[in-house]
Amino acid sequence: MARPSFKLERPHGDPVVGVDEAGRGPLAGPVVAAAVVLDRRRVPKGIDDSKKLCAQRREALSLELRSKACIGVGVATVEEIDTINILWATMLAMERAVEALIECLGAEPAMVLVDGNRLPRWRHAAVPVVSGDALCLSIAAASIIAKHERDRMMLDYDRDHPGYGWASNKGYGTADHRAALTRLGPTPLHRRSFAPVAQALLPL
């Protein structure tokens with residue numbers, strides 16, 4: 001089975017940044033983006049689309065990437081999601097991730113490769129890459145960081161708001177999460193602009 005490669009990075013000068021997000025679909029919690037510049041001499045083995053990796057492997061790779069790559073993380077809050085919608089909140093998280101990365105790099109990126117078919121409204125030279133986390137090593141690395149960071153946040157939130165199963169469902173609209181939403185009502189971390197949460201807010 002093919003794995004991500006440096007094929008998409010090679011035509012561009014350095015540094016080339018890969019960007020991906022985690023958490024567009026859940027009913028609760030923030031959306032998190034990561035931006036990564038890999039050191040091509042020190043690329044951790046086994047980087048792949050985060051969805052293909054188990055939680056333990058994502059955690060191990062995330063720790064290794066933090067010691068070998070330049071990384072920026074950006075978050076858009078539930079309030080921002082509900083105010084500007086999930087698409088533009090995702091773009092905002094990506095903008096914040098790249099700005100954090102620039103602080104790490106001390107330089108502007110030559111090119112930003114973004115997973116998906118849309119780009120933030122920013123000043124950087126950038127290319128959207130559909131299925132980028134399966135094709136591009138830098139984007140795949142960003143997908144691992146974003147997913148691991150968001151999952152870690154949802155584990156913390158689960159301790160603060162027990163009963164919704166966030167430790168296992170990470171805020172996605174699983175049957176147990178929806179049942180708890182009906183039974184317990186929304187928390188401050190639920191996205192009120194999402195239909196199942198809005199429905200739970202309606203009077204009986």
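Do any helices (runs of 4 or more DSSP H) lying entirely in segment 27-138 carry at least 2 residues that are of a type in the set (A, V, I, L, M, F, W, C) and open to solvent by less than 40 Å² (accessible area, probe 1.4 Å), and which ones are they?
The helices (runs of 4 or more DSSP H) meeting that bar are 55-68, 78-84, 86-105.
Is there a residue being small (Gly, Ala, Ser), out of contact with any strand residue (DSSP E or B) (no Cβ under 9 Å at 6 or more places or on another chain) and more than 20 Å from Leu53 (Cβ to Cβ) anywhere in segment 188-197?
The answer is yes; a qualifying residue exists.
Checking the structure you have, find out if any residue of segment 55-66 is of a type in the set (Ser, Thr, Tyr) and either more than 17 Å from Leu155 (Cβ to Cβ) or touching a Phe, Trp or Tyr at 6+ places or on another chain (Cβ under 7 Å) (or both).
No, every residue in segment 55-66 fails to be of a type in the set (Ser, Thr, Tyr) and either more than 17 Å from Leu155 (Cβ to Cβ) or touching a Phe, Trp or Tyr at 6+ places or on another chain (Cβ under 7 Å) (or both).
Would segment 156-178 turn up any residue that is in contact with a Gly (Cβ under 9 Å, 6 or more places away or on another chain), β-branched (Val, Ile, Thr) and free of Cβ contacts under 8 Å to residues at least 12 places away in the same chain?
yes
Given the structure, is Pro203 surrounded by fewer than 18 Cβ atoms within 10 Å (Cβ to Cβ), part of a loop (DSSP other than H, G, I, E, B) and without any contact (Cβ under 8 Å) to a residue 60 or more places away in the chain?
Taking the combined requirement at face value, the residue satisfies it.
Answer with yes or no whether Gly74 is of a type outside the set (A, V, I, L, M, F, W, C), within 20 Å of His124 (Cβ to Cβ), under 18 Å from the mean Cα position of the chain (by Cα) and modelled with pLDDT of 95 or more.
Spelling it out, Gly74 is indeed of a type outside the set (A, V, I, L, M, F, W, C), within 20 Å of His124 (Cβ to Cβ), under 18 Å from the mean Cα position of the chain (by Cα) and modelled with pLDDT of 95 or more.
When you check Ser193 against the structure, is it on the phi < 0 side of the Ramachandran plot, modelled with pLDDT of 95 or more and in a loop (DSSP other than H, G, I, E, B), yes or no?
Yes, satisfied.
List the pairs whose first member sits in segment 101-124 and is within 13 Å of Leu87 (Cβ to Cβ), whose second member is part of a loop (DSSP other than H, G, I, E, B) and open to solvent by 30 Å² or more (accessible area, probe 1.4 Å), and whose Cβ atoms are under 7 Å apart, counting only residues at least 6 apart or on separate chains?
As it stands, the answer is Gly116/Val130; Asn117/Val130, since those pairs meet every condition given.
Quick test of your reading of the structure: Arg183 fulfils all but one of (1) surrounded by fewer than 19 Cβ atoms within 10 Å (Cβ to Cβ); (2) part of a helix (DSSP H, G or I); (3) touching a helix residue (DSSP H, G or I) at 6+ places or on another chain (Cβ under 9 Å). Name the failing condition by number.
(3)
The values are calculated or read from the model by the stated rules, or taken from the named source; none is laboratory data. Please read all numbers here as calculations on a predicted model, not as lab measurements. All Cβ positions, glycine included, derive from the backbone under ideal geometry; neighbour counts span all protein chains shown. Each accessible area value is taken on the protein alone, full model and side chains, heavy atoms only, with ligands, DNA and RNA left out. Shrake-Rupley method; radii C 1.70, N 1.55, O 1.52, S 1.80 Å.
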